[in-house]
Amino acid sequence: MKLIASVISALITGTASLAGIMVLMLVAHVTIDVVMRFAFQTPLNSTILYVSAFYMVGIAFLPLAAVEQKDSHIAVELLAERFPAKIQSILAGFALLLTCIVTATVAIRTGDEALAKYLGGSFSIEAGGKVATWPTYLPLPIGFGLMSIVAGWKFICMITGRAHGLDALRVEDPYLSDGDAQ
């Protein structure tokens, strides 16, 4: 069980780290474009395409599993918090199972689309040049697929009564720790 949790945690860390790198690349790309535009009157070609299709898609969808791992998705508990603990546990299990099924379905559908775009050699013409756009379809099946795996793993662990053991991206906030802060 620990091996499975550590592999899933490594995948979560990898995808979330890739999204973080994409944030840095976005900032660098836009900064260089602005400097080139105003200092040399020659902006970089295709900046809007790279920002909107490459960087933003990856930044939005690659960390989905990290958010699921931390239970950080938006939740509104109007009634569930008033139910007995057993009912809350059943509802949480149902939510995990439903999340696993829906995200797996989305991953399969977006994976089919990504494969079709790859096989078709999808591209965009920007400033007179061709830019391959098929890679922009990959973050969706990766993000949703890994989120499905995380939800499924958490559901299995809930059913078996074991801790899920997912510890990716554990960052301690020094201001919230039990240190000497006053």
To the nearest 10 square angstrom, what accessible area does SER17 show with a 1.4 Å probe? 50 Å²
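Using the Cα atoms of the chain to build a convex hull, what is its mean projected area in square nanometres?
With the hull built on Cα positions only, its mean projection is 15.9 nm².
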At most 10 other Cβ atoms within 10 Å and a DSSP loop assignment: could you name the trypsin sites (Lys or Arg not before Pro) in segment 74-178 that fit? ARG170
Rounded accessible area per residue of the chain, 1.4 Å, Å²: 65 Å²
Which residue fluctuates most in the GNM of the chain (Cα springs below 10 Å): LEU146, LEU166, LEU78? LEU78
Mean projected area (nm²) from the convex hull of Cα positions in segment 30-81 is 5.6 nm²
Mind putting a number on the dipole of the chain about its Cα centre? Charges go on the C-beta only, +1 for Lys and Arg and -1 for Asp and Glu, and I need it in Debye to the nearest 20. 480 debye
Sort out the exposed loop GluC sites (Glu not before Pro) in the chain (DSSP loop, at most 11 other Cβ within 10 Å) and tell me the longest stretch that has none. 78-171
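What's the carbon and sulfur percent of the chain's accessible surface, probe 1.4 angstrom, rounded to a whole number?
That share works out to 68 percent.
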Extension gain, MET36 back to ILE48 (0.36 nm per residue minus Cα-Cα distance, nm): 2.9 nm
Do the sum for the chain: with -39,500 (n - 2.57) for every DSSP H run of n ≥ 4, divided by all residues, what is the mean residue ellipticity at 222 nm, to the nearest 500 deg cm²/dmol? -21000 deg cm²/dmol
Quick one: if you stick a label point 7 Å off each Cα along the C-beta vector at ALA60 and LYS86, how many nm between them? 4.3 nm
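The values are calculated or read from the model by the stated rules, or taken from the named source; none is laboratory data. Worth saying up front: this structure is predicted, and the values here are computed from it rather than measured. As a convention, Cβ positions derive from the backbone with ideal geometry for all residues, glycine included, and neighbour counts pool all protein chains shown. What goes into the accessible areas is simple: the full protein's heavy atoms, side chains included, and nothing from ligands, DNA or RNA. Shrake-Rupley method; radii C 1.70, N 1.55, O 1.52, S 1.80 Å.
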